[in-house]
1. By count of other Cβ within 10 Å, fewest leading, how are 45, 98, 117 ordered?
2. When a footprinting reagent is the concern and you count Cβ atoms within 10 Å, what order do 86, 66, 54 take, fewest first?
3. Between residue 77 and residue 55, how high is the FRET efficiency from 1/(1 + (r/R0)^6) when r is the Cβ-Cβ distance and R₀ = 25 Å? Nearest 0.05.
4. Please arrange 128, 123, 136 by how many other C-beta atoms lie within 10 Å of their C-beta, fewest to most.
5. With a ≥ b ≥ c taken as the square roots of the eigenvalues of the C-alpha gyration tensor of the stretch 87-144, please select rounded if a/c is under 1.5 and otherwise prolate if a/b is larger than b/c or oblate if it is not?
6. Considering only DSSP beta bridges where both residues belong to the stretch 36-144, give the percentage that are antiparallel (nearest 5).
């Protein structure tokens with residue numbers, strides 16, 4: 001009713017302002033959409049078979065300077081490092097989550113039967129003289 005008192009140019013501007021406000025607040029609604037979850041940390045004991053390629057996952061946040069590093073070399077007779085990487089958390093509302101933790105991973109190949117160990121340490125690369133913030137040991141049983 002008050003719009004009949006506005007000039008046409010003001011009416012257009014008012015409609016545009018309401019439309020813009022609606023678009024801006026649409027992203028603020030709490031959505032129940034299914035989110036893609038990051039893989040959880042790997043179990044500390046694994047059984048794999050010769051020739052099998054598998055991944056070990058550990059939650060990590062490289063924006064803090066910390067990253068998982070091999071604490072001891074792998075047994076090259078039993079395990080071969082194929083690839084390593086980091087998976088960032090899925091974007092929220094189409095935008096990356098800067099500074100959010102993700103998951104670091106190692107892809108390994110089992111070469112022959114035996115019991116292998118993978119030890120990793122969560123530390124900053126420039127703090128080599130400091131104990132790691134966290135350390136993990138993975139027992140890997142390789143079956144034929």
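Since every read-out is calculated from the coordinates, none of them should be taken as a lab result. None of these values were measured; they are calculated from a predicted model. Note that each Cβ is placed from the backbone with ideal geometry, even for glycine, and that neighbours are counted across all protein chains shown.
1. With the fewest neighbours first, 45, 98, 117 line up as 98, 45, 117.
2. 86, 54, 66
3. Once the sixth-power term is evaluated, E becomes 0.75.
4. Starting with the residue having the fewest Cβ neighbours, the order is 128, 136, 123.
5. Oblate, since a/c reaches 1.5 and b/c is not below a/b.
6. DSSP beta bridges in the stretch 36-144 are roughly 85 percent antiparallel.
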